[in-house]
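> Below: one structure in structure tokens.
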Amino acid sequence: MRAGLVLNAAADTLSTMERPAETLAGAIRGAGFELLGMPDPALDIAAQLDAALAAGADVVFAAGGDGTLRFVAERLIGTGCALAVVPGGTMNRVAARLGLP
């Protein structure tokens, strides 16, 4: 399955990681997904998401806090592209309510 990664490197938990994009990309590939390019944390979330969709992602891994997850989820409505939640914020309420660790 073709995957895109959208990363909010300023999100609380992600901001403490040494190389969040590379670490998450390795985990996604290790899980058997074909990662369609690396995210550019210098770009805003909208630009990263546009790039993932333009590359033909079947699923987008959204790494960040609740605001990032909400933004990506809203933009994916009607696209046929699935959302994979990667908690990376402070409270991660979306992930907690979905029962994700």
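The values are calculated or read from the model by the stated rules, or taken from the named source; none is laboratory data. Every value quoted in this text rests on a predicted model; they were computed, and no experiment measured them. Methodologically, a virtual Cβ is constructed for each residue, glycine included, from the backbone with ideal geometry; neighbour enumeration extends over all protein chains shown. Ligands, DNA and RNA are stripped out before the accessible areas are found, and what is left, the full protein with its side chains, is counted by its heavy atoms. Shrake-Rupley method; radii C 1.70, N 1.55, O 1.52, S 1.80 Å.
> Run Gly64 past the list (1) within 21 Å of Asn92 (Cβ to Cβ); (2) touching a residue at least 40 places away in the same chain (Cβ under 8 Å); (3) over 12 Å from the mean Cα position of the chain (by Cα) and report the number of the one that doesn't hold.
Going through the list (1) within 21 Å of Asn92 (Cβ to Cβ); (2) touching a residue at least 40 places away in the same chain (Cβ under 8 Å); (3) over 12 Å from the mean Cα position of the chain (by Cα), Gly64 breaks only (3).
> While we're looking at this one, here's another question. Please specify each residue of the stretch 43-53 satisfying the condition of being open to solvent by 50 Å² or more (accessible area, probe 1.4 Å), touching a strand residue (DSSP E or B) at 6+ places or on another chain (Cβ under 9 Å) and farther than 11 Å from Leu76 by Cβ.
Pass one, the stretch 43-53, residues open to solvent by 50 Å² or more (accessible area, probe 1.4 Å): 43-44, 50-51, 53.
Filter again for touching a strand residue (DSSP E or B) at 6+ places or on another chain (Cβ under 9 Å), leaving 51, 53.
Residue satisfying the conditions is Ala51 alone.
> Taking the stretch 1-42, which residues are open to solvent by 40 Å² or more (accessible area, probe 1.4 Å) and under 17 Å from Leu76 (Cβ atoms)?
Once the filter is applied, which keeps residues that are open to solvent by 40 Å² or more (accessible area, probe 1.4 Å) and under 17 Å from Leu76 (Cβ atoms), the stretch 1-42 yields Met1, Arg2, Asn8, Phe33, Leu36.
> If you scan the stretch 29-42, which residues turn out to be under 21 Å from Glu18 (Cβ atoms), touching a strand residue (DSSP E or B) at 6+ places or on another chain (Cβ under 6 Å) and not charged (D, E, K, R)?
Once the filter is applied, which keeps residues that are under 21 Å from Glu18 (Cβ atoms), touching a strand residue (DSSP E or B) at 6+ places or on another chain (Cβ under 6 Å) and not charged (D, E, K, R), the stretch 29-42 yields Leu35, Pro39, Pro41.
> Here's something else I'd like to know. Give me the pairs: first residue in the stretch 21-47 and in contact (Cβ under 8 Å) with a residue 24 or more places away in the chain, second residue surrounded by fewer than 13 Cβ atoms within 10 Å (Cβ to Cβ), beta-carbon distance under 6 Å, and six or more apart or on different chains, which are they?
Qualifying pairs under 6 Å: Phe33/Met1; Leu35/Arg29.
> Tally time: how many residues in the stretch 1-26 are of a type in the set (S, T, N, Q), outside any loop (DSSP other than H, G, I, E, B) and under 15 Å from Val85 (Cα atoms)? Give the derivation first.
Of the stretch 1-26, the ones of a type in the set (S, T, N, Q) are 8, 13, 15-16, 23.
With the extra rule that they be outside any loop (DSSP other than H, G, I, E, B), the set shrinks to 13, 15, 23.
Next, only the ones that are under 15 Å from Val85 (Cα atoms) stay: 13.
Total meeting the criteria: 1.
> In the stretch 87-100, is there at least one residue being surrounded by 12 or more Cβ atoms within 10 Å (Cβ to Cβ) and touching a Phe, Trp or Tyr at 6+ places or on another chain (Cβ under 8 Å)?
Checking the stretch 87-100: not a single residue is surrounded by 12 or more Cβ atoms within 10 Å (Cβ to Cβ) and touching a Phe, Trp or Tyr at 6+ places or on another chain (Cβ under 8 Å).
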